[in-house]
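*Asks:* One structure, pasted below without further comment.
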Amino acid sequence: MTKELLLAAYLIGVGLCVSGAGTHLYQWRTGQQAMLRLDGQTALGAFGHLVMSFVCGPYIMLQVGWRQEEDGTLSMTSVLISALVAFGWAFITGLLFMSLYVALPL
């Protein structure tokens, strides 16, 4: 039981690391804020935004949850829901990237 929980925590950590690195790389290369979007001027641009949203989604969700209200406070409901969604999403992306890492011969 504890091995499975440690594996799940490790996969979440990998997903968050890949997501954070991808988000900052995207923002550095494009010079614009990363956000969840599916628009694009071409089909290739829309597909690129879809891939970026999938990879960078957990980090973006955590950032969305930490946005302050108008009076300068944090909504705990927003923080908890965004963390729950982000960690679940990070588990999926971590599982995907670790599966690719194990499957590809290096």
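The values are calculated or read from the model by the stated rules, or taken from the named source; none is laboratory data. Computed from a predicted model, the values in this text were never measured in an experiment. Methodologically, a virtual Cβ is constructed for each residue, glycine included, from the backbone with ideal geometry; neighbour enumeration extends over all protein chains shown. Areas reflect the complete protein model, heavy atoms only, side chains present, ligands, DNA and RNA absent. Shrake-Rupley method; radii C 1.70, N 1.55, O 1.52, S 1.80 Å.
*Asks:* Could you list the residues of the range 58-72 with an amide nitrogen less than 17 Å from a label point located 7 Å from the Cα of Ala83 in the Cα-to-C-beta direction?
*Replies:* Label zone hits: 58-69.
*Asks:* Let me ask you something else. Report the one residue of Met76, Trp66, Thr42 whose Cα lies farthest in the direction of the positive end of the charge dipole of the chain (charges on C-beta: Lys and Arg +1, Asp and Glu -1; origin at the Cα centre).
*Replies:* So the residue furthest toward the plus end is Thr42.
*Asks:* Next question. Rounded to the nearest 500, what is the chain's calculated 222 nm mean residue ellipticity when only DSSP H runs of at least 4 contribute -39500 (n - 2.57) each, over all residues?
*Replies:* Helices in the chain give a 222 nm mean residue ellipticity of -27000 deg cm²/dmol.
*Asks:* Order of 26-32, 1-7 by packing, highest average Cβ count within 10 Å first?
*Replies:* 26-32, 1-7
*Asks:* Just grab the label-to-label distance for Thr73 and Leu36, each label 7 Å out from Cα along the Cβ direction, in nm (one decimal).
*Replies:* Distance between the two pseudo-spin positions: 2.5 nm.
*Asks:* While we're on this one: Compare Tyr10, Tyr59 by solvent-accessible area with a 1.4 Å probe and give them largest first, with all protein chains kept in place.
*Replies:* Values: Tyr10 130, Tyr59 65 Å².
Descending accessible area places them as Tyr10, Tyr59.
*Asks:* Between Gly57, Gly40, Gly22, find the one with the highest GNM mean-square fluctuation for the chain; connect C-alpha pairs within less than 10 Å.
*Replies:* Judging by the Gaussian network model, the answer is Gly40.
*Asks:* Under a 1.4 angstrom probe, counting protein chains only, how are Ser19, Ser78 ranked by accessible area, largest first?
*Replies:* Largest to smallest exposure gives the sequence Ser78, Ser19.
*Asks:* In whole percent, how big is the carbon plus sulfur part of the accessible area of the chain, probe 1.4 Å, protein atoms only?
*Replies:* Whole-percent figure for carbon plus sulfur exposure: 72.
*Asks:* Label-point separation (nm) for Ala103 and Phe54, each offset 7 Å from Cα along Cα-to-Cβ?
*Replies:* Placing both labels 7 Å along Cα→Cβ, they lie 1.2 nm apart.
*Asks:* Follow-up. Of the listed values [x] 0.98; [y] 1.33; [z] 1.20, identify the label whose number matches Cα Rg over 2.2 N^0.38 Å calculated from this model.
*Replies:* Among [x] 0.98; [y] 1.33; [z] 1.20, the one calculated here is [z].
*Asks:* Give me the distance in nm between label points sitting 7 Å out from Cα along the Cα-to-Cβ direction at Ala8 and Leu95, one decimal.
*Replies:* Simple spin-label model gives 1.1 nm for this pair.
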